[in-house]
Amino acid sequence: MHMNSFQLFATLFVLTVSLATADTKYDYALPGSDGWTHLYQPPFEKPTEVPVSNPGRKQMFDLLRPHGTKEAKVPIQFEGSLKAFRNWALFTGESQDKSGKPIAFEGNGNSDTVALYLNTVEGWMLVDFSFGHSDVFYEIWIEKYGMPKSLLGFPE
């Protein structure tokens, strides 16, 4: 098949424009813009603690609680940090029983708890979690799920 000069020009033009804009930052959702606020709820411009008054906080813990209760075999509550940024949230802390006593999970015998959430069109979804781990294994969630590095304090 032979290209005529118009087809060749059009192909080269599209290729040139594609290469020129391939590294251009998508600016619809710059921090502070209406696009940012539309896309990210809560619209935190850096990893920020989700306030207790935010209904998403309760929703996220309600998604995690059945898994911890199943492992601990007692009703649980959570103590720690729940930070959100963009459409991600990360809880790091511990699981406790209703009296506030740390729960020692089988395996490593500690109460360490971590959970990763993604905010979707259907609300917050639990992506991954762990109870009673002994290290910061969840750093791999940056690569595995695309979690923002800054949720763990790393520069983006």
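The values are calculated or read from the model by the stated rules, or taken from the named source; none is laboratory data. Just so it is clear, the model here is predicted, and its values are computed rather than measured. Backbone-built Cβ (ideal geometry, glycine too); neighbour counts: all protein chains shown. These accessible areas exclude ligands, DNA and RNA; they are computed on the full protein's heavy atoms, side chains included. Shrake-Rupley method; radii C 1.70, N 1.55, O 1.52, S 1.80 Å.
Overview of values
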quantity: Filter result for residue 103 (surrounded by 14 or more Cβ atoms within 10 Å (Cβ to Cβ), β-branched (Val, Ile, Thr) and over 23 Å from the mean Cα position of the chain (by Cα)); calculated: yes
quantity: Contacts under 9 angstrom Cβ, first residue in the stretch 129-145 being aliphatic (A, V, I, L, M), partner open to solvent by less than 70 Å² (accessible area, probe 1.4 Å) and part of a loop (DSSP other than H, G, I, E, B), 6 or more apart; calculated: 142/148
quantity: Extreme residue, farthest from the chain's Cα centre (by Cα), among residues of the stretch 106-131 that are open to solvent by 30 Å² or more (accessible area, probe 1.4 Å) and of a type in the set (A, V, I, L, M); calculated: 121
quantity: Options 32, 68, 107: the member that is at pLDDT below 95, in contact with a His (Cβ under 9 Å, 6 or more places away or on another chain) and of a type outside the set (Asp, Glu); calculated: 107
quantity: Failed criterion for residue 56 (all others in (1) in contact (Cβ under 8 Å) with a residue 24 or more places away in the chain; (2) open to solvent by 40 Å² or more (accessible area, probe 1.4 Å); (3) farther than 16 Å from residue 131 by Cα hold); calculated: (2)
quantity: Test: residue in the stretch 105-122 that is among the hydrophobic types (A, V, I, L, M, F, W, C), closer than 14 Å to residue 76 by Cα, assigned to a loop (DSSP other than H, G, I, E, B) and in contact with a Ser or Thr (Cβ under 8 Å, 6 or more places away or on another chain); calculated: yes
quantity: Identity of the residue in the stretch 59-94, assigned to a helix (DSSP H, G or I) and out of contact with any Phe, Trp or Tyr (no Cβ under 9 Å at 6 or more places or on another chain), that ends up surrounded by the most Cβ atoms within 10 Å (Cβ to Cβ); calculated: 69
quantity: The stretch 32-53, subset β-branched (Val, Ile, Thr) and under 21 Å from residue 122 (Cβ atoms), residue surrounded by the fewest Cβ atoms within 10 Å (Cβ to Cβ); calculated: 37
